[in-house]
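The values are calculated or read from the model by the stated rules, or taken from the named source; none is laboratory data. Keep in mind that this is a model prediction, so the values were computed, not measured. Every residue, glycine as well, gets a Cβ built from its backbone with ideal geometry; the counts of neighbours run over all protein chains shown. Just so you know, the surface numbers come from the protein's heavy atoms only, side chains and all, with ligands and any DNA or RNA stripped out. Shrake-Rupley method; radii C 1.70, N 1.55, O 1.52, S 1.80 Å.
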Amino acid sequence: MPRLSFKGKVFVENHHLAVPFHELLPMRDKGISETVSLHDNLIIHGDNLAALKSLLPTYHGKVKCIYIDPPYNTGNEGWAYNDRVNSPLMQDWLGRVVDRDDLTRHDKWCCMMLPRLKLLRELLREDGAIFVSIDDNEVHHLRSLMDEVFGEENFVATAIWQKVFSPKNTAKYFSEDHDYVIAYARRLEAWLPNLLKRSERADKRYRNPDDDFRGPWSSSDLTARNYYSEGTYEVTSPSGATFKPSVGNYFRVSKAKFHALDEDGRIWWGVNGDSMPRLKRFLSDVKRGVVPQTLWLHTDVGNTQEAKKELVAAIDFERSEDVFDTVKPTRLIRRILEIATDSNSIVLDSFGGSGTTAHAVLAQNSEDGGNRRFILVECEDYADTLTAERVRRVINGIPDAKDEVLKAGLGGTFSYFELGRPMRQESLLDGSHLPSWKKLAAYLFFTATGQEFDPAATDRETEFVGHTESHDVFLLYEPDVEKLKSLALSLPVARALPDGTRRKLVFAPTKYLDPEFLHQYRIDFQQLPFQIYEAIERLER
């Protein structure tokens, strides 16, 4: 498979592995939940790369649908790559604000996207899919990056979204009327799109001019250009007229099949029985849904003008220039939800923006009674005043909204988190920042086992963290430097661990047991702070 090459790639290919886990700090007063929980709807304020890494312990392999709307890299957005890559020279180059005069802006965009796509893939379920909005500036680079990260064999489709409904006569060359939505599955053979609801317009095509007892029907041509050796026969209509396909065309069914359809009243010869035969398709036989198409008209999924009106209806902007230019309509996101989610799916948007994805999830739940959950990540300062505020208002209701449903409120809850400090090895070594027992337990359990951490399964009294297929995991730790100095896996501690037939994986600052006793008590020891990658290898064997 061809691979995309760009400046800085060598520094970011595995950068997602070096990103430290950060604490997620609950902000109770900014959410709408009685109990703040990582298993609630979530809005997280902070860098999305670090936030995605910090979500892994809870949501690895759990997300059904991802939608992201990253910077289109038009040269007018003023974004800057702020990830802490190891090379100081690369940091200086990457950290400069990207504008239209930056001849390496496409390289920087690829550097920004690659590690994020890799973490997003880790969060997807095996039967999940990711949808990415993009335009002509980066669509070709995005396809190459996603082929590399998700595998070209998992490409689903490129949908064309008609984002405006009238031409821009001020355009120099062409009026750009569409954007793209690129879709990839985590594993294509495990993913299947939902059928879309049939529209009233589609159903109106079915009529019943011959009063067939089977109800309304529509007709379709029985011929095609594809060569079919058994499709060259001649047929006779009820009026006695004979018909055969025109030159270069063939009947799509054999002669025997045609006569069977005719006997069953599924051939339409016209009102007077003297027309070229057509196949009758009854509405009752048609699948009660439509396969998704790749052309998304603004009449079906909304447009940019509609999107801005939705945002203005939800948020009181003091100045018109404060309104996002790139906001998406909720109907666009709901089309994706209809295609790629079930009623209990988790939906992730790591470029949260104005909160459209959360709004769409809540609206979809309100309509079909679903229990979908959203996770939004937004790095900008407006995460509270715009992203979360819009969600608060659509949940609680907007008194002056024209839409009656929105006026009453869509209902729901969400918990708000700030991205905290990183849990770095050096900060644990010098005691400058010690996370709580539960936060460190979550980090260690996921990193050592690759499995989801369940805080409800822990037992602080016995230091139990969780089960794996082969081990019970324990953590001897206190967020206090003086106490840590005296904490060790000793013989009394080993004897006090719960009995069981499974091996024990014990994390502790040190140990006072020799290999013979470790073997006797079926203990695998890992020293804090983070000698845990050896544990990964051992547990995988």
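Distance between the C-alpha centres of segment 171-223 and segment 121-135: 23 Å, rounded to the whole angstrom. What's the FRET efficiency of residue 503 with residue 165 using the Cβ-Cβ distance as r and R₀ = 56 Å, to the nearest 0.05? With R0 = 56 Å, the Cβ-Cβ based efficiency is 0.30.
Amide H contacts under 5 Å for residue 217: 207, 208, 283, restricted to partners 5 or more places along the chain or on a different chain, H placed in the peptide plane at 1.01 Å from N.
Treating r as the C-beta distance of residue 495 and residue 421 and R0 as 41 Å, the FRET efficiency rounds to 0.65. For the pair residue 520 and residue 385, a Förster radius of 51 Å applied to the C-beta separation gives a FRET efficiency near 0.30, rounded to the nearest 0.05.
Computed from backbone phi with θ = phi - 60° and the Karplus coefficients 6.51, -1.76 and 1.60, the 3J(HN,Hα) list for segment 173-190 is 10, 10, 7, 7, 9, 9, 10, 10, 10, 8, 10, 10, 8, 5, 8, 4, 5, 9 Hz; x is used for glycine and proline. Packing, as the average of other Cβ atoms within 10 Å across residues, places the peptides 478-485, 303-310 in the order 303-310, 478-485, highest first.
Gyration tensor over the Cα atoms of segment 307-404: the corresponding equivalent ellipsoid has semi-axes (square roots of 5 times the eigenvalues, largest first) of 22, 15, 12 Å. Taking all protein chains together and a 1.4 Å probe, the residues 23, 34 rank 34, 23 from largest to smallest accessible area. Can you compute the label reach from residue 286? Point 7 Å from Cα along the Cβ direction, backbone N cut-off under 20 Å, restricted to segment 161-198. Under cut-off, by backbone N: 194-198. Within the straight-line cut-off of under 19 Å between alpha carbons, the aspartates and glutamates reachable from residue 483 are 426, 430, 461, 463, sequence neighbours fewer than 8 places apart in one chain being disregarded. Taking each DSSP H run with n ≥ 4 as -39500 (n - 2.57) and averaging over every residue of the chain yields -8500 deg cm²/dmol at 222 nm. Residues of segment 392-409 with an amide N closer than 11 Å to a point placed 7 Å from the Cα of residue 343 along the Cα-to-Cβ direction: none.
Compared with the dominant Cα axis of the chain, that is its longest principal axis, helix 304-314 is turned about 50°. Calculate the tail of P(r) for the chain: the fraction of all Cα-Cα distances greater than 28 Å, expressed in %. Here the tail beyond 28 Å accounts for 65 percent of pairs. Taking a straight line from the alpha carbon of residue 244, these aspartates and glutamates sit under 16 Å away, with near neighbours fewer than eight places off in the same chain left out: 221, 230, 234, 262, 274.
Close amide H pairs (under 5 Å, H built 1.01 Å from N) link residue 348 with 65, 66, 67, 375, residues at least 5 positions away or on another chain.
Close amide H partners of residue 23, meaning residues 5 or more places away or on another chain with modelled amide H under 5 Å apart, are 420, 421, 423. Working ranking of peptides 104-111, 337-344 by packing, defined as the average number of other Cβ atoms within 10 Å per residue, highest first, is 104-111, 337-344. If the limit is 29 Å between Cα atoms, which of 53/309; 30/328; 53/197 go over it? Too far apart for the 29 Å limit: 53/309; 53/197. Spin-label pair residue 512-residue 176: with each label point 7 Å from Cα along the Cα-Cβ axis, the two points sit 6.9 nm from one another.
Share of Cα-Cα pairs in segment 251-373 beyond 17 Å, in percent? Here the tail beyond 17 Å accounts for 70 percent of pairs. Residue ranges 436-443, 212-219 sort as 436-443, 212-219 when ordered by packing (mean number of other C-beta atoms within 10 Å per residue, highest first). Hull volume per residue, based on the alpha-carbon atoms of segment 175-278 and their convex hull, is 238 Å³. Of the solvent-accessible surface of the chain, computed with a 1.4 Å probe over protein heavy atoms with every protein chain present, carbon and sulfur atoms account for 49 percent. Between residue 396 and residue 190, the simple spin-label model (points 7 angstrom out along Cα→Cβ) gives 4.1 nm.
Spin-label model, residue 153 to residue 305: label points 7 Å out along the Cα-to-beta-carbon direction sit 4.7 nm apart. Local charge for residue 214 was computed over the other residues whose Cβ lies under 12 Å away, with Lys and Arg +1 and Asp and Glu -1, and equals -2. Solvent exposure of the chain amounts to 50 Å² per residue of accessible area, where only protein heavy atoms count and the probe is 1.4 Å.
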